[in-house]
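The values are calculated or read from the model by the stated rules, or taken from the named source; none is laboratory data. For clarity, every value in this text was computed on a predicted model and none was experimentally measured. Cβ atoms come from the backbone with ideal geometry, glycine included; neighbour counts cover every protein chain shown. Please note that ligands, DNA and RNA were not included when accessible areas were found on the heavy atoms of the full protein model with its side chains. Shrake-Rupley method; radii C 1.70, N 1.55, O 1.52, S 1.80 Å.
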Amino acid sequence: MSAETEPIRVCAVVFRDTRGRVLSVRKRGTSRFMLPGGKPGPGETPPETAVREVREEIGTLIDASSLAPLATFLAPAANEAGCDVEGTIFTCEEPINPQPAAEIEEIAWVDPRNPAETDVDLAPLLETKVFPALG
């Protein structure tokens, strides 16, 4: 990880389906899948950022009170070479029907116990930090 620059701060949400798979999204023009989420706007709290980004990226309105903190992780950024990302990650138990919106081109449900089964390229934050934390 790079020590010369400040990490890119993001807030993201783990959604699981009835089989325990985790929703991942791929942004247009990129190859790696990550959690729905993004960078905070001026004055936004992490839960406010997560709610806004989920609405923008997968067209789903969730209540901030449904978010449970998982952890904050540091990992190499997926789409910015030489940068790190600091992800404040929440879980949400609300049922959702996600649809790609805004910059999201594709969604995939990935089993965190066997991500290779889905055959998608995962962002380091998701693969090396979030999935192991989910157990």
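Some observations on this one:
- Of the strands (runs of 3 or more DSSP E) entirely within the stretch 1-42, those holding at least 2 residues that are touching a strand residue (DSSP E or B) at 6+ places or on another chain (Cβ under 9 Å), surrounded by 12 or more Cβ atoms within 10 Å (Cβ to Cβ) and of a type in the set (D, E, K, R) occupy 22-27.
- Exclusive hit being over 15 Å from Gly37 (Cα atoms) and charged (D, E, K, R), set Glu93, Glu56, Glu105: Glu93
- For the stretch 90-105, the set of residues classified as over 9 Å from Leu67 (Cα atoms) and among the β-branched types (Val, Ile, Thr) consists of Ile96, Ile104, listed by residue number.
- Among the residues of the stretch 73-125, those that are of a type in the set (A, V, I, L, M), open to solvent by 30 Å² or more (accessible area, probe 1.4 Å) and in a strand (DSSP E or B) comprise Leu74, Ile107.
- Exactly one residue among Thr5, Thr18, Thr30 is under 16 Å from Asp84 (Cα atoms) and among the hydroxyl-bearing types (Ser, Thr, Tyr), and that residue is Thr5.
- Tally of residues being open to solvent by 30 Å² or more (accessible area, probe 1.4 Å) and either in contact with a Lys or Arg (Cβ under 8 Å, 6 or more places away or on another chain) or under 23 Å from Thr30 (Cβ atoms) (or both) across the stretch 51-69: 5
- Failed item, numbered, when Gly59 is tested on (1) small (Gly, Ala, Ser); (2) within 15 Å of the chain's Cα centre (by Cα); (3) under 25 Å from Gly135 (Cβ atoms): (3)
- Pro47 passes every criterion in (1) closer than 14 Å to Ala78 by Cβ; (2) not in a loop (DSSP other than H, G, I, E, B) apart from (1).
This table checks each residue for (1) in contact (Cβ under 8 Å) with a residue 40 or more places away in the chain; (2) out of contact with any Lys or Arg (no Cβ under 8 Å at 6 or more places or on another chain); (3) of a type outside the set (A, V, I, L, M); (4) within 13 Å of Leu23 (Cβ to Cβ).
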{"residue": "Pro98", "(1), (2), (3), (4)": "yes, yes, yes, yes"}
{"residue": "Ala102", "(1), (2), (3), (4)": "yes, yes, no, no"}
{"residue": "Glu105", "(1), (2), (3), (4)": "yes, no, yes, no"}
{"residue": "Pro112", "(1), (2), (3), (4)": "yes, no, yes, yes"}
{"residue": "Asp121", "(1), (2), (3), (4)": "yes, no, yes, no"}
{"residue": "Pro132", "(1), (2), (3), (4)": "no, yes, yes, no"}
